[in-house]
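Asker: A single structure is presented below for examination.
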Amino acid sequence: MIDTVYIEEEIWDHSRTREVCARFPKARFIPCERYGEIFNRKAQNFRLQKNRPALILAKKYGHFILETPKGYGIGGERNFYFSHMLNCIYDCRYCFLQGMFRSANYVFYVNYEDFQQAIEAKIAEAPSAESYFFSGYDCDSLALDSVTKFTESFLPFFERHSNAWLELRTKSVQVQSLLRRDPIPNCVVAFSFTPSEISDVLEHKVPKVSHRIGAMEKLQERGWRLGLRFDPLIYHEDYKAQYERLFREIFLSLKVESLHSVSLGPFRLPKPWYENMYRLYPDEKLFAGPLGEHRGMISYPVEIEQEMLGFVRERLLDYTPQSLLYPCIPRNDPVVSILKK
Ligand code: SF4
């Protein structure tokens, strides 16, 4: 799968570097000074690179933990995100990473201990409050877990910090590392979904909806707290029937008691990222959809957005209590009122 591994000279001998390299014995290992020379190089083609991405092993300096935008969260007041990886093995046509990054190569930061120190510092700022840490913003939290051993390192860490929550966000079915151990009460394993009809067309290389539900069922049996993420909501003229079918399928297998939270959010992209994505896939039907610019973001027209959010929220309330539902929308956005009704 990986045939080229770039390694920053500074972490060439790091134990995590050695472990990762041992998994790709046939790869070429190429030293580099800083990962940005490879990752941020100009004139790269994300689409071409996606066919054969290289792995870049790097050390992160600073900015380990960032605040989430106001209005995003799953019940906590203190919300942060962090990224042990950049990019993802899947290839969703709506994924903002392809608009945000120049390169499709995977960057993996091996210095977990520095991330953990930064998380501890955030927790220490408000020790009596609950803090939420989201791990799947710039990558899929679990898809490469067998290589990165992310959960093996971070679950015991969060187990020691019961006033901090970890969200693993994923479309992967790589849940073996979780099934092998006891659940921790302050971890939410959150799975993202669009309806099967949309997923089959737009979510390339992603496990089928039914397989993801199967993985959730296994985690449920082991007692893990689960999350459902319907973000972004993707419009299709038949979207109502598609989302109804999806919810029926999910809630046939999942018990509400296993759910920590259910969140939903509209399809939105900053205009420059959208333009980058359009350049990569000019024939993509998603980008021919009823999209327009509103306040520097590309989204569906307000009436479609409101109708979708309202409909999806109502159908979710057939299965889950309102207390579990969280909109992922900036706090001052007018559509928030639809979701808070
Ligand atoms: S699974 Fe998430 S991170 Fe990966 S390509 Fe799809 S949207 Fe992007």
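Asker: Among the residues in the stretch 299-316, are any aromatic (Phe, Trp, Tyr) and assigned to a loop (DSSP other than H, G, I, E, B)? Reasoning before the result, please.
Answerer: Within the stretch 299-316, the first condition is being aromatic (Phe, Trp, Tyr), and the residues that meet it are 300, 311.
Those still in the list that are assigned to a loop (DSSP other than H, G, I, E, B) too: 300.
Checked against the condition, which is being aromatic (Phe, Trp, Tyr) and assigned to a loop (DSSP other than H, G, I, E, B), the stretch 299-316 yields at least one hit.
Asker: Of everything in the stretch 191-223, what is more than 16 Å from PHE247 (Cβ to Cβ) and crowded, with 17+ Cβ neighbours inside 10 Å? Give them in sequence order.
Answerer: Listed by number, the residues that qualify are LEU202, GLU203, VAL206, PRO207, ALA215, LEU219, GLN220.
Asker: With the requirement that a residue be touching a Lys or Arg at 6+ places or on another chain (Cβ under 7 Å) and either under 18 Å from ASP145 (Cα atoms) or open to solvent by less than 40 Å² (accessible area, probe 1.4 Å) (or both), what does the stretch 53-88 give you?
Answerer: ILE65, GLY71, PHE80
Asker: Mind checking whether some residue in the stretch 324-337 is open to solvent by 10 Å² or more (accessible area, probe 1.4 Å), of a type in the set (S, T, N, Q) and at pLDDT below 95?
Answerer: Taking the stretch 324-337 as the starting set, the residues that turn out to be open to solvent by 10 Å² or more (accessible area, probe 1.4 Å) are 324-328, 330-334, 336-337.
With of a type in the set (S, T, N, Q) added as a condition, the list becomes 332, 337.
Filter once more, keeping what is at pLDDT below 95: 332, 337.
Yes, some residue in the stretch 324-337 is open to solvent by 10 Å² or more (accessible area, probe 1.4 Å), of a type in the set (S, T, N, Q) and at pLDDT below 95.
Asker: Continuing with the same structure: Any idea which of PHE82, PHE96, PHE46 is within 16 Å of the ligand (Cβ to nearest atom), hydrophobic (A, V, I, L, M, F, W, C), within 20 Å of the chain's Cα centre (by Cα) and over 22 Å from PRO272 (Cα atoms)?
Answerer: None of the others qualify; the one that does is PHE82.
Asker: Do we have ILE123 as more than 16 Å from the ligand (Cβ to nearest atom), assigned to a loop (DSSP other than H, G, I, E, B) and open to solvent by less than 20 Å² (accessible area, probe 1.4 Å) here? Let's see the steps before the verdict.
Answerer: Working: more than 16 Å from the ligand (Cβ to nearest atom): yes; assigned to a loop (DSSP other than H, G, I, E, B): no; open to solvent by less than 20 Å² (accessible area, probe 1.4 Å): yes.
Considered against the rule, which asks whether it is more than 16 Å from the ligand (Cβ to nearest atom), assigned to a loop (DSSP other than H, G, I, E, B) and open to solvent by less than 20 Å² (accessible area, probe 1.4 Å), ILE123 comes out as no.
Asker: Among residues belonging to the stretch 126-139 that are under 12 Å from the mean Cα position of the chain (by Cα) and part of a loop (DSSP other than H, G, I, E, B), point out the one that is farthest from the ligand (Cβ to nearest atom).
Answerer: SER135
Asker: If you don't mind, there's one more thing I want to ask. Mind counting the residues in the stretch 44-69 that are farther than 23 Å from TYR94 by Cβ and touching a residue at least 40 places away in the same chain (Cβ under 8 Å)? Before the answer, list the steps.
Answerer: Restricting attention to the stretch 44-69, the residues satisfying the condition of being farther than 23 Å from TYR94 by Cβ are 54-65, 67.
From what's left, touching a residue at least 40 places away in the same chain (Cβ under 8 Å): 54-60, 64-65.
Adding up the residues that qualify gives 9.
Asker: Just one of (1) touching a residue at least 24 places away in the same chain (Cβ under 8 Å); (2) within 27 Å of ARG315 (Cβ to Cβ); (3) aromatic (Phe, Trp, Tyr) trips up TYR274, so point out which.
Answerer: (2)
Table: residues versus (1) open to solvent by 20 Å² or more (accessible area, probe 1.4 Å); (2) in contact (Cβ under 8 Å) with a residue 60 or more places away in the chain; (3) in contact with a Leu (Cβ under 7 Å, 6 or more places away or on another chain); (4) basic (Lys, Arg).
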{"site": "LEU226", "(1), (2), (3), (4)": "no, no, yes, no"}
{"site": "ASP231", "(1), (2), (3), (4)": "yes, yes, yes, no"}
{"site": "GLU257", "(1), (2), (3), (4)": "yes, no, no, no"}
{"site": "PRO266", "(1), (2), (3), (4)": "no, yes, yes, no"}
{"site": "ILE298", "(1), (2), (3), (4)": "no, no, yes, no"}
{"site": "PRO321", "(1), (2), (3), (4)": "yes, yes, no, no"}
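Asker: Given the structure, is SER172 open to solvent by 20 Å² or more (accessible area, probe 1.4 Å), at negative phi and of a type in the set (Ser, Thr, Tyr)? First the steps, then the outcome.
Answerer: On the way: open to solvent by 20 Å² or more (accessible area, probe 1.4 Å): no; at negative phi: yes; of a type in the set (Ser, Thr, Tyr): yes.
Judged against the criteria, SER172 is not a match.
Asker: Right, something else. Tell me which residues, restricted to the stretch 175-190, are aliphatic (A, V, I, L, M) and surrounded by 16 or more Cβ atoms within 10 Å (Cβ to Cβ).
Answerer: At the first step, the residues of the stretch 175-190 found to be aliphatic (A, V, I, L, M) are 175, 178-179, 184, 188-190.
Within the stretch 175-190, VAL175, LEU178, ILE184, VAL188, VAL189, ALA190 meet the criteria.
Asker: Given the condition open to solvent by less than 20 Å² (accessible area, probe 1.4 Å) and either modelled with pLDDT under 95 or hydroxyl-bearing (Ser, Thr, Tyr) (or both), answer yes or no: does some residue in the stretch 153-160 qualify?
Answerer: So in the stretch 153-160, the residues open to solvent by less than 20 Å² (accessible area, probe 1.4 Å) come out as 154-155, 157-158.
Within this subset, residues satisfying the condition of being either modelled with pLDDT under 95 or hydroxyl-bearing (Ser, Thr, Tyr) (or both) are none.
No, there is no match, as no residue in the stretch 153-160 is open to solvent by less than 20 Å² (accessible area, probe 1.4 Å) and either modelled with pLDDT under 95 or hydroxyl-bearing (Ser, Thr, Tyr) (or both).
Asker: Something else now. Determine the pairs where a residue that is open to solvent by 80 Å² or more (accessible area, probe 1.4 Å), located within the stretch 25-43, has a partner that is at pLDDT 95 or above and assigned to a helix (DSSP H, G or I) with Cβ atoms under 9 Å apart, the partner being 6 or more residues away or on another chain.
Answerer: Sorted first by the residue in the stretch 25-43, then by its partner, the pairs are GLU33/GLU9; GLU33/GLU10; ARG34/GLU10.
The values are calculated or read from the model by the stated rules, or taken from the named source; none is laboratory data. Here the structure is a predicted model, which is why all the values come from computation and not from measurement. Glycine gets a Cβ as well: all are built from the backbone with ideal geometry, and neighbour counts include every protein chain shown. To get the accessible areas, we keep the full protein, side chains included, count just its heavy atoms, and leave off ligands, DNA and RNA. Shrake-Rupley method; radii C 1.70, N 1.55, O 1.52, S 1.80 Å.
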